[in-house]
1. May I ask you to verify whether A:Ile151 is more than 30 Å from A:Gly432 (Cβ to Cβ), of a type outside the set (S, T, N, Q), more than 10 Å from chain B (Cβ to nearest Cβ) and crowded, with 22+ Cβ neighbours inside 10 Å?
2. Whether any residue in the range A:23-33 is buried (at least 16 other Cβ atoms within 10 Å of the Cβ) and not charged (D, E, K, R) is what I want to check.
3. Mind checking which residues of the range B:505-525 are outside any helix (DSSP H, G or I), over 23 Å from the mean Cα position of the chain (by Cα) and either more than 12 Å from every other protein chain (Cβ to nearest Cβ) or within 24 Å of A:Thr462 (Cα to Cα) (or both)?
4. For the range B:614-622, does any single residue satisfy the condition of being without any contact (Cβ under 8 Å) to a residue 24 or more places away in the chain, within 9 Å of chain A (Cβ to nearest Cβ) and surrounded by 18 or more Cβ atoms within 10 Å (Cβ to Cβ)?
5. Of the conditions (1) facing chain B (nearest Cβ under 9 Å); (2) surrounded by 17 or more Cβ atoms within 10 Å (Cβ to Cβ); (3) not hydroxyl-bearing (Ser, Thr, Tyr), A:Ala500 clears all except one; give me its number.
6. In the range A:154-179, which residues are over 31 Å from the mean Cα position of the chain (by Cα) and either at the interface with chain B (Cβ under 10 Å from one of its Cβ atoms) or in a strand (DSSP E or B) (or both)?
7. Return the only residue of B:Phe469, B:Phe547, B:Phe493, B:Phe532 being outside any helix (DSSP H, G or I) and assigned by TED's automatic domain parsing to the domain that holds B:Ile628.
8. In the range A:158-175, what residues are without any contact (Cβ under 8 Å) to a residue 60 or more places away in the chain and surrounded by 13 or more Cβ atoms within 10 Å (Cβ to Cβ)?
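The values are calculated or read from the model by the stated rules, or taken from the named source; none is laboratory data. Just so you know, these numbers come straight off a predicted model, no measurement behind them. For neighbour counting, all protein chains shown are included, and Cβ atoms are generated from backbone atoms with ideal geometry for every residue, glycine included.
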Amino acid sequence: MVTPLEPRTSSSEQAKPPFWRNITVVKWAAQIGFLAFFVWFFWILITQAASNLADTGIPFSWDFLAEPLGVLLGEGFTTQPASGIEALAVGMVNMLRITLSGIVAATILGTLIGIARLSHNWIVSKVANAYIEFFRNIPLLVQIYFWSALITTIFGELTVDQEGSGWFFSSSKGVAIPWLIPESGRWQYVALILVGAVVARLAYKWRIRILEEKGLETHALAWGLSVFTTFMVLGWFLHPVMGIFGWLWSALAWVFGNLPVWVFQLALAALAIWVAYRFIKNFLDERRTPAGLAKLTDDDYFRLVVAGFLGLATAAFFLLGPGSATVSRILGRDLTFTMNWGLEPLFDFLARKFDFSTGAPLDFSQPEVVVTGVFPQYSLEAGRAFTPAYLAVWVGVTLYTAAFIGEIVRAGIMAVHRGQNEAASSMGLKRGQVLRLVVLPQAFRIILPPLGSQYLNLAKNTSLGIAVAYADIVQVGQTIYNQEGQTLAVFLIWMGFYSAVSLILSGIVNYYNRKMQLVER
Amino acid sequence: MTDQPVSEGVVHGVVEELELPPEPPPHGPRVWIRENLLSGDTPIAIGLNGLLTVVFGLIALNVLQFLTTYIFNPERRWAAVTANMKLMMVQAFPQADLGRIWLSIGIFLVLVALSLVAWNVQGRIVLYKFASGVRSTGVFIVITAILHGTFEGDRIFDIGILKIDSPGSWSSSRTLIFLIGLVLAVGAHVYLQRAGVSAKEKSIPFLSVLVGGMVLATIAIWTVQLPVPEGRFDEVNERIATSTAGPWTILFIAAIVFYFIGKWLVSVMDRQQFRRILVFLWVFSYPVIIMVIQRKPILEWGEILGFGDVPFLESDFGLFLLFSVIGGAVIWILAFPKNLNSIRGAGIAVGAVVTLAPWIMSESPTWVAVIASLFGLGLIAGSLRIPDGTEIARIVGSVLAIAALLVWFVPMAFLLRSLIIVFAFVALAAPSFGGTEQARLRMTLTWVATALLVVGSFTLGEAETALEFQSTTFLGGFNLSILLAITGVAFSFPLGVVLALARTSTMPIFRIISTGYIELVRSVPLITWLFFGSVMLALFLPSGVEFDEILRIVAAISIFSAAYVAENIRGGLQAIGSGQYEAARAMGLSTVQSTSLIVLPQAIRAVLPALVGSIIVSFKDTSLVAIIGLADVLLIARNFVPTQSDPSFRGTQPQMLFFIALFYWVFTFTFSRLSLRYEKSLGLGER
């Protein structure tokens, strides 16, 4: 039976819904309404904070960055910083020291533990398992406290009769070990090693090309390594040649010192517009087909408009003066950043380091106990002394993160299909070879993303150093706001610094992640 | 949950047994050693493996020896732990009111017992596995007893890396521990040998192990005496935890009794109904425990009920009654607008209130009144013209939401303001989640319960506490740690869901704001957020509004963990195929309905393991509040006990840290194992 269609009361009502049911209108009304609410909410918060701060008599300001502070820091490249920004820089460097060395150590230890966890040897696997279960289930803060207490209790006091140099000292003042101390030639030496790395890479690629073309065994890796080693060994004596770079640096310093400011502004503005242009072009190129272009949603248009707007706005910011003026006002002339964005002092500094000096790049030095006044302490010039706070935080974050990395490595290896293992074994590879040549490269692809987030965790966990008074950025920041009362400014600096570190770390990990991904065709 | 209440655990167990590999030929310890400690094909490989075995074995033995020697050393003053247990658990909570703490634990245990019944947790442990677990434990105890090193006495074996005391110098308790381990190991081994293959088919319920553990714990509390070697307590040779023996026994018994009551309840009522009631009890037990049981508020019944000098409509009860009756009626109509006239009437009434109320209230700014009137009149016009009931209900909800935001600019009591805002949001959600008689009843009841919760928390929050304690707050110790962990999760979860939805939304402004929030919050360590909460949060509040420090810290923790919860849930949302959305649309569900009823439950189920993991992480992270000076269990154990309690406990900091590490370890390890077990038996996170 065919039911006749009911006549519509009005054809326009069916064709066009009322405006409050129009999906685009509703979506944008909701978004704009929420944005207005959001902005208003923040405005309320900020004005409230401003009035509260005015009531307390400490208005928000960045002045403390340039002013001298009377604080003494626990450790760092200087313990008596001249200004707020220098104190914060000490904190940042201290944080990065622990982060970088911790990442290296935790990766090595964690990988070993992850592999040990999968060992066929019963006791090795059990010990690794016990390690993982023990360290990851105890709060890191408790562990850091524990290491700190352990160091101060099991190592005795440093005594006067220990005065003199030696190989190894341990006391409640920390641990001192021999160290390579950088000398005047180090800049030229490092530059030479960088050149060596590039040359070694070229040599490696060249041998690989021959291997691929002719099918000969060309020992590409050995070639690359030996070229690099040659550069390292010969560079020790020949590094003064790199002094010619000094001329280049001083020329650049001169150029940047004499370029008018508007050139920088123009260059930065052009850069901003170029980046926005590339973004829009790539975006459209991806949807070059007519179907793709027809599918552009209002969200896509929004992205394009925002990209274009941001590009133009940044360009205008740089061109119309406030860009350079703001930055130089915030950071101030005293803080080495001048109108030419610090490029002149940078190259000037480099030029002074590349001066054909024939000093050795590094110097071996043994630790030394000196007695200044009544109390003995480690000499700052000789060897390397690690404070108990540094050791506690370093050992704590390394052991803690290694447990998580161990689990990630184990999961990554187990995720490689068993068939890969069997296929490799049946080709006659030994267990070690199977692991090194077949399993690990594939596992690495799975391991990398979670590994990156563990690195981020480690970087953030170093902030627990404040519990044992390690002078990282959080502790320095707290000292500063206790003295100056600028809590909000310090919090913004924390936020900016940690965001920058996170961005850089995840950028590096993402770069490798993209490189390692399977190319699907 | 529409699945039949079949015992998932049992089904799972059967499958597991069916999939067991064929029985391997029995082999002796020699073969085991050859395969597991000295594996390899060539002599060199065997030698290397043997070397690894020896090295790692020595490492393990030395760590074990260090631990036992550290723990059972006469120099350790464990009395610092036992004597300060109450301090570490609840800090300043008054002795006379400790029953309130016990009651809280009791409610928790009873709810756990009932939930075990309701969700039919009856996994079974294969006897073979259990017996070999007992055997390993026994061997472990025996090795521990042998390895424990005293500092004096004879050695039968003494080289730098391994020392073993001669049994002649063992103390009696050490011999006892050794014998217990030996009996366990030998007994289990003999059983395994006797039972052979049949042990793999037999299994015991998991719960019986739990009950056995409780019985053992009770016996231990009542009988075990600990010699306390040093300090003022040196003569005392007391039962451990004398004062807690009674309460624990009662609580254990109560848990078991309630387990059977639960069984009976399940047999007489619908299981789904029972589960729903339990969820409700879990949600409500928490604020009740924190705000009523533990806080012991002084309630001014006159002010609350509205007799005496407070007008009835300004009393808490009056407000609740007003909002639950009138608001309930509005929700009742909005949730299922069957009758066009009734919804039109409701729309006109709400429109009239929104139009007129700002003008009547003398303190509202003119611009607020004008905007409210515009929307109110629009609502009246819409109610008269639009021929669709659900449509009108939606417009009523939207106008109420706008009016609720405008209410912010009208000076009035904070409670009133909060009630209006919460009501507006429930009204906004009502048309989407209503639609049937049942759903309408549920929405109305939800609103009444919400109103009760809002009014109740305001009343209880403002009430003074009758507890007498020498501290700024009655919360402290482990009690505080648990509170911070649970409250942080409870607040961060809804926020995280909203953020995750916003981040996966196609609406760019929502997405940008949410992404910005998540990335910015996650990039900064928790400790800086705690500083933010303790030092800076007060800056953003209007002067005069002051929050307790614990509340500010809870806010900071919630801000932080919401970002992590959001990222977890986003993973789940992305794992749900678009087919689910499309199917939901095809069924005629709206965007809100398909998201909240179809997609979100699946997404959360998919990432439940990750969410449980983040709960464990947030439990460990509560220890950070020690840095900003909140008296949690870590701060008390590390700072208060070694410095401020009995003088004989001076210098016990390392061992207190050792204890705290063990304490946290036991909790996190047990919790993660239990959750792993439960996830597996439910097949969570596998779809």
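1. yes
2. So far as the range A:23-33 goes, yes, one or more of its residues are buried (at least 16 other Cβ atoms within 10 Å of the Cβ) and not charged (D, E, K, R).
3. Within the range B:505-525, B:Val524 is the sole residue that qualifies.
4. no
5. Among (1) facing chain B (nearest Cβ under 9 Å); (2) surrounded by 17 or more Cβ atoms within 10 Å (Cβ to Cβ); (3) not hydroxyl-bearing (Ser, Thr, Tyr), the lone unmet condition for A:Ala500 is (2).
6. A:Ile154, A:Gly164, A:Ser165, A:Phe169, A:Ser170, A:Ser171 - these are the residues of the range A:154-179 that are over 31 Å from the mean Cα position of the chain (by Cα) and either at the interface with chain B (Cβ under 10 Å from one of its Cβ atoms) or in a strand (DSSP E or B) (or both).
7. Of the residues listed, the single one that is outside any helix (DSSP H, G or I) and assigned by TED's automatic domain parsing to the domain that holds B:Ile628 is B:Phe547.
8. Answer for the range A:158-175, where residues must be without any contact (Cβ under 8 Å) to a residue 60 or more places away in the chain and surrounded by 13 or more Cβ atoms within 10 Å (Cβ to Cβ): A:Ser170, A:Ser171.
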